[in-house]
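Novice: My questions will all concern the structure given below.
The values are calculated or read from the model by the stated rules, or taken from the named source; none is laboratory data. Source: prediction; values computed, not measured. Cβ placement follows ideal geometry from the backbone for every residue including glycine, while neighbour counts extend to all protein chains displayed. Only protein heavy atoms, including side chains, enter the accessible area calculation; ligands, DNA and RNA are left aside. Shrake-Rupley method; radii C 1.70, N 1.55, O 1.52, S 1.80 Å.
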Amino acid sequence: DLRLNPAAMSLDMAQSLSMLEPFGMGNPTPVFGLFGVRLDKITPIGEGKHLKLLFSKNDNVFQALLFSVRPSQFCFEIGDILDIAVTLGVNEYNSSLNLSVQIKALRMSGTDDGMLFEQLNAYHDYVCGRDADVSVLIPSRNEVGEIYKTILKRPVSSERLKYLGIISVGYGKTKIAVSMLLELGL
């Protein structure tokens, strides 16, 4: 709904959003975009079922919660520069009010949305057997080599590889290249 500078996030802002309630069907909770934030710390909480993440941008440091994601499912690493979509709320604990930041979505910063959606649509059409613009899906030899070199540098989850590939090679090409490499036993 709004691009937000992390420095602008405050308890007062979250409390003022309550004037827009009740949220639900027809009146969704406002979602804010925080762009180019650095992931500084990953802490499992709730018996490892959720994550508390520490971010920074310039001199601003904030934490945010990511629910229903275990550390083994989280493909981002400390030092990654991310764009995150969040909701803001008020958390009351021991008679104290605090800002609550909940993550709704994450991605690597610098993602080209136009290219991403073009490739997502083409890949979906291809997988479903519909006419697809395969020119945006077929990776070049160099692009497959780039993905292979990324894997050789150190073990990478397929989810992380997908996010890294979105920026350099593209989503569809990355998915096809990984399939090719798996089929070849590489």
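Novice: Of a type in the set (A, V, I, L, M) and either modelled with pLDDT under 85 or assigned to a helix (DSSP H, G or I) (or both), is that true of Leu120?
Specialist: yes
Novice: Of the residues in the range 17-27, how many are in a helix (DSSP H, G or I) and either open to solvent by less than 50 Å² (accessible area, probe 1.4 Å) or touching a helix residue (DSSP H, G or I) at 6+ places or on another chain (Cβ under 7 Å) (or both)?
Specialist: The qualifying residues number 1.
Novice: Given Ile78, Ile138, which one is more than 17 Å from the chain's Cα centre (by Cα), among the β-branched types (Val, Ile, Thr) and assigned to a loop (DSSP other than H, G, I, E, B)?
Specialist: After ruling out the rest, the residue left standing is Ile138.
Novice: Does Arg130 satisfy being of a type in the set (D, E, K, R), in a strand (DSSP E or B), closer than 30 Å to Ala177 by Cβ and open to solvent by 50 Å² or more (accessible area, probe 1.4 Å)?
Specialist: Considered against the rule, which asks whether it is of a type in the set (D, E, K, R), in a strand (DSSP E or B), closer than 30 Å to Ala177 by Cβ and open to solvent by 50 Å² or more (accessible area, probe 1.4 Å), Arg130 comes out as no.
Novice: Let me ask you something else. If Phe62 meets every condition in (1) of a type in the set (A, V, I, L, M, F, W, C); (2) within 15 Å of the chain's Cα centre (by Cα); (3) farther than 30 Å from Ile176 by Cβ apart from one, which number is that one?
Specialist: Checking Phe62 against (1) of a type in the set (A, V, I, L, M, F, W, C); (2) within 15 Å of the chain's Cα centre (by Cα); (3) farther than 30 Å from Ile176 by Cβ, the one that fails is (2).
Novice: Kindly indicate the residue of the range 120-135 that is within 22 Å of the chain's Cα centre (by Cα) and of a type in the set (A, V, I, L, M) and also farthest from Val69 (Cα to Cα) among those meeting that condition.
Specialist: Among those that are within 22 Å of the chain's Cα centre (by Cα) and of a type in the set (A, V, I, L, M), it is Ala122.
Novice: Output the number of residues of the range 161-174 satisfying the condition of being more than 15 Å from the chain's Cα centre (by Cα) and part of a helix (DSSP H, G or I).
Specialist: Here the count works out to 4.
Novice: Also, I was wondering about something else. Which one of these does Ala122 not meet: (1) buried (at least 17 other Cβ atoms within 10 Å of the Cβ); (2) among the small types (Gly, Ala, Ser); (3) closer than 27 Å to Ala8 by Cα?
Specialist: Condition (3) is where Ala122 drops out.
Yes or no, residue by residue, for (1) open to solvent by 40 Å² or more (accessible area, probe 1.4 Å); (2) part of a loop (DSSP other than H, G, I, E, B); (3) of a type in the set (Asp, Glu):
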site	(1), (2), (3)
Gln15	yes, no, no
Gly33	no, no, no
Asp40	yes, no, yes
Val69	no, yes, no
Leu82	no, no, no
Thr87	no, no, no
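Novice: Between a first residue in the range 149-172 that is acidic (Asp, Glu) and a second residue that is open to solvent by 40 Å² or more (accessible area, probe 1.4 Å), which pairs have beta carbons less than 8 Å apart while being 6 or more apart in sequence or on different chains?
Specialist: Going by the 8 Å Cβ cut-off, the qualifying pairs are Glu159/Gln73.
Novice: Sticking with this one: Please list, ordered by first then second residue, the pairs with beta carbon atoms under 8 Å, 6 or more apart or interchain, first in the range 94-117 and farther than 22 Å from Thr29 by Cβ, second crowded, with 16+ Cβ neighbours inside 10 Å and of a type in the set (Asp, Glu).
Specialist: Matching pairs, first to second residue: Met108/Asp80; Met108/Asp83; Ser109/Asp83; Thr111/Asp83.
Novice: Still on this model: Does Phe55 satisfy the condition of being open to solvent by less than 80 Å² (accessible area, probe 1.4 Å) and at pLDDT 95 or above?
Specialist: On the way: open to solvent by less than 80 Å² (accessible area, probe 1.4 Å): yes; at pLDDT 95 or above: yes.
So Phe55 fits the description; yes.
Novice: Still on this model: Taking the residues in the range 141-160 that are open to solvent by less than 70 Å² (accessible area, probe 1.4 Å), within 26 Å of Pro71 (Cβ to Cβ) and at pLDDT 80 or above as candidates, determine which candidate is nearest to the chain's Cα centre (by Cα).
Specialist: Arg160
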